[in-house]
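Report on the following structure.
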Amino acid sequence: MLMNNLDPEVAERPDDPVVYGGTGRAARSWEAFDAIVATLTDLEDDETLLVQSGKPVGVLRTNPWAPRVLPGQLQPGSATGRRGRSSASSRPRV
């Protein structure tokens with residue numbers, strides 16, 4: 001779905017990662033877009049990508065029924081006390 005929204009044959013502005021609204025973005029930049037795609041490609045069945053402000057910020061250990069992507073405003077492990085892998089000091093694994 002992410003790539004379809006930026007396909008040159010159907011996108012309104014395929015050179016710009018904006019896919020909806022005036023401020024909504026698929027990614028902050030093309031570098032962030034590439035990192036999101038690479039991370040999603042490498043996700044295990046029990047992992048979820050955390051995206052904040054249009055860039056990937058971490059991969060969380062979840063479960064096979066969890067969403068593949070979550071917005072960064074959520075606090076991982078707030079209900080269980082468990083924390084996922086964070087990329088605050090490093091880029092998400094790709």
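The values are calculated or read from the model by the stated rules, or taken from the named source; none is laboratory data. All values reported here derive from a predicted model rather than from experimental measurement. Virtual Cβ from ideal backbone geometry, glycine too; neighbours counted across all protein chains shown. Accessible surface is based on the protein model in full, side chains and every heavy atom, while ligands, DNA and RNA are left aside. Shrake-Rupley method; radii C 1.70, N 1.55, O 1.52, S 1.80 Å.
The selection criterion, being of a type outside the set (D, E, K, R), part of a helix (DSSP H, G or I), buried (at least 16 other Cβ atoms within 10 Å of the Cβ) and modelled with pLDDT of 75 or more, does not hold for THR48. As a summary of the residue check, ALA66 satisfies the conditions (1) at pLDDT 90 or above; (2) open to solvent by 60 Å² or more (accessible area, probe 1.4 Å) except for the one numbered (2).
When the residues of segment 69-94 are filtered to those that are farther than 20 Å from MET3 by Cβ and hydrophobic (A, V, I, L, M, F, W, C), the one that is modelled with the lowest pLDDT is ALA88.
Being basic (Lys, Arg), within 30 Å of ARG61 (Cβ to Cβ) and either more than 13 Å from the chain's Cα centre (by Cα) or modelled with pLDDT of 80 or more (or both), is that true of even one residue in segment 26-34? Yes; the residues of segment 26-34 include at least one that is basic (Lys, Arg), within 30 Å of ARG61 (Cβ to Cβ) and either more than 13 Å from the chain's Cα centre (by Cα) or modelled with pLDDT of 80 or more (or both).
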